[in-house]
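Below: the structure, in structure tokens.
The values are calculated or read from the model by the stated rules, or taken from the named source; none is laboratory data. Being a predicted model, the structure only gives us computed values, none of them experimental. Backbone-built Cβ (ideal geometry, glycine too); neighbour counts: all protein chains shown. For accessibility, only protein heavy atoms count, side chains too; no ligands or nucleic acids. Shrake-Rupley method; radii C 1.70, N 1.55, O 1.52, S 1.80 Å.
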Amino acid sequence: MNTIHIFDTTLRDGEQSPGFSMHREEKLRLARQLEQLGVDVIEAGFPIASPGDLEAVRAVAGEIRGCRVAALARARQEDVDAALRALEPAAKPRLHIFLATSDLHLKHKLRMERREALEQVSSMVRFGCAHTDEVEFSAEDASRSDIEYLCEVAEAAAAAGARIINLPDTVGYTTPDEYGEMFRTVRTRLVAYPEIIYSAHCHNDLGLAVANSLAAVAAGARQVECTINGIGERAGNASLEEIAVALHVRQSRFCAGTNIRLEKIYSTSRLLTAITGIAVPPNKAVVGANAFAHEAGIHQDGILKNPLTYEIILPEKVGVPCRRLVLGKHSGRNALRARLSELGYETTQAELADCYSMATALADSAKQVTDRDLLSFIHKVRRGRQATPAQNNRTSRPRAAAAS
């Protein structure tokens with residue numbers, strides 16, 4: 001089985017999204033959690049961006065020992081120098097150099113000719129390799145680049161000493177079949193460099209970031225760059241938790257796994273939420289509030305009989321404390337009985353029928369039935385049933401007296 005290295009860029013690409021900026025101590029706190037989660041690389045920041053970011057990367061590099069720490073740099077001398085300074089304390093440093101390869105970026109953003117860009121990549125990667133243990137090169141906007149030129153740049157980076165070649169879908173433009181084919185083409189072109197690790201970095205502008213990342217894995221990528229909760233520029237990055245769980249659940253399909261400790265996924269997600277104050281959508285895969293919640297009666301009945309009927313992975317496996325059987329207008333009697341039992345009330349069929357009638361009536365207006373509602377229902381039903389015999393006794397006595 002192949003091991004897919006998880007390159008977490010929550011502290012860099014994730015932090016660049018509005019509302020997710022983190023200061024030094026917050027980055028350190030999350031970096032410690034990422035190390036416990038089992039990521040292989042933590043991209044700690046973009047040191048040239050600000051003195052504060054450089055110091056934050058230095059702090060992470062100085063403390064994290066269980067995995068690699070990466071710093072991002074454009075293919076410019078001042079960027080690379082700043083990244084190298086930030087990585088000085090790292091036990092396992094990685095210099096991550098990038099330059100755009102699409103004609104669109106070269107012409108309109110960089111004002112640079114192809115040959116000039118190629119020379120800059122070779123020069124900066126070679127310089128980086130002379131000053132640190134490991135260099136990764138990223139061809140920004142690879143998915144919109146001319147494939148022949150992309151191969152030429154990747155080959156130049158490999159020849160200069162880069163050990164990881166990243167082919168990012170920077171703007172979330174590509175589709176799984178196109179992205180996989182790009183990796184197969186570049187790998188074929190660089191057959192003279194069998195030691196190269198190919199990396200995928202996908203954005204979610206079309207909602208395809210995870211699908212594209214998995215397509216890259218199927219095409220030979222052995223590193224995936226992703227973020228906790230899928231945060232990142234614009235619509236976000238590929239979601240770490242979704243990729244890790246997909247590779248776990250579909251291991252036979254991909255013949256690959258990760259070093260991620262799945263049981264720490266939920267707590268890591270929650271920590272990011274606590275640091276940023278921004279919660280994940282309830283329907284977010286794996287870590288959303290509804291990821292392991294069931295309301296439909298048919299689903300609830302199946303879950304109670306065998307969780308695998310409607311869950312492809314148990315919630316406890318990813319650190320979610322427990323599943324929820326939500327009581328609403330779509331719920332069934334079995335879920336109601338189970339919840340009453342959990343609350344300490346074993347019900348007869350008649351009691352359950354009465355409670356169910358009350359619950360469905362309330363659910364039409366209140367959308368969801370709470371535990372407090374359930375307790376009210378069962379108490380009301382039982383009080384009513386206790387009162388009925390007493391009322392019968394009171395009405396029977398006068399009739400008996402009249403007969404005598």
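Just ASP141, ASP40, ASP354 to compare: in a GNM of the chain, with alpha carbon springs under 10 Å, which one fluctuates most?
ASP354
Restricting to the chain, compute how many DSSP beta bridges are antiparallel as a %, nearest 5.
Working: 1 of 38 bridges.
Antiparallel bridges: around 5 percent, rounded to the nearest 5.
List every residue whose amide H lies under 5 Å from the amide H of LEU325, counting only residues 5 or more places away in sequence or on a different chain, with H placed 1.01 Å from N in the peptide plane.
Result for LEU325 returns HIS294.
Please report the equivalent ellipsoid semi-axes of the range 48-179, computed as sqrt(5 x eigenvalue) of the Cα gyration tensor, largest first, in whole Å.
26, 15, 14
Springs between alpha-carbon pairs under 10 angstrom, Gaussian network model over the chain: which of THR101, THR258, THR188 fluctuates most?
With Cα springs under 10 Å in the chain, the top fluctuation among THR101, THR258, THR188 is at THR188.
Whenever you get a sec, line up LEU84, LEU304 from highest to lowest accessible area (probe 1.4 Å, protein heavy atoms). Don't skip to the end; give the middle numbers.
Numbers: LEU84 30, LEU304 80 Å².
Final ranking, largest accessible area leading: LEU304, LEU84.
Tell me, what is a quarter of the convex hull surface for the C-alpha atoms of the range 102-240, in nm² with one decimal?
Values: hull surface 31.9 nm².
If I average the Cα hull's projected area over directions, I get 8.0 nm².
Beyond 42 Å, what percent of the Cα pairs of the chain remain?
Working: 23682 of 81406 pairs.
Of all Cα-Cα distances in the chain, 29 percent exceed 42 Å.
Looking at the calculated P(r) for the range 29-86, what percent of the C-alpha pair distances fall above 18 Å?
Values: 484 of 1653 pairs.
Tail of P(r) above 18 Å: 29 percent of Cα pairs.
Using just the helices of the chain, give the 222 nm mean residue ellipticity in deg cm²/dmol: DSSP H runs with n ≥ 4 each add -39,500 (n - 2.57), and the total is spread over all residues, rounded to 500.
Values: 14 runs with 190 residues, N = 404.
So the helix-based figure for the chain works out to -15000 deg cm²/dmol.
Run the numbers on the chain and let me know its relative contact order in percent, using alpha-carbon pairs under 8 Å that are six or more apart. Intermediate results must be reported in sequence, preceding the final value.
On the way: 779 pairs, mean separation 53.1, N = 404.
It comes to 13 percent, rounded to a whole number.
Hey, with R₀ at 22 Å, roughly what FRET efficiency would ARG114 and ALA192 work out to, going by the Cβ-Cβ distance, to 0.05?
Numbers: r = 22 Å, r/R0 = 0.99.
The pair ARG114/ALA192 has a calculated efficiency of 0.50.
Pick out which of GLN33, GLN349, GLN120 has the largest mean-square fluctuation in a Gaussian network model of the chain, springs linking Cα atoms closer than 10 Å.
Judging by the Gaussian network model, the answer is GLN349.
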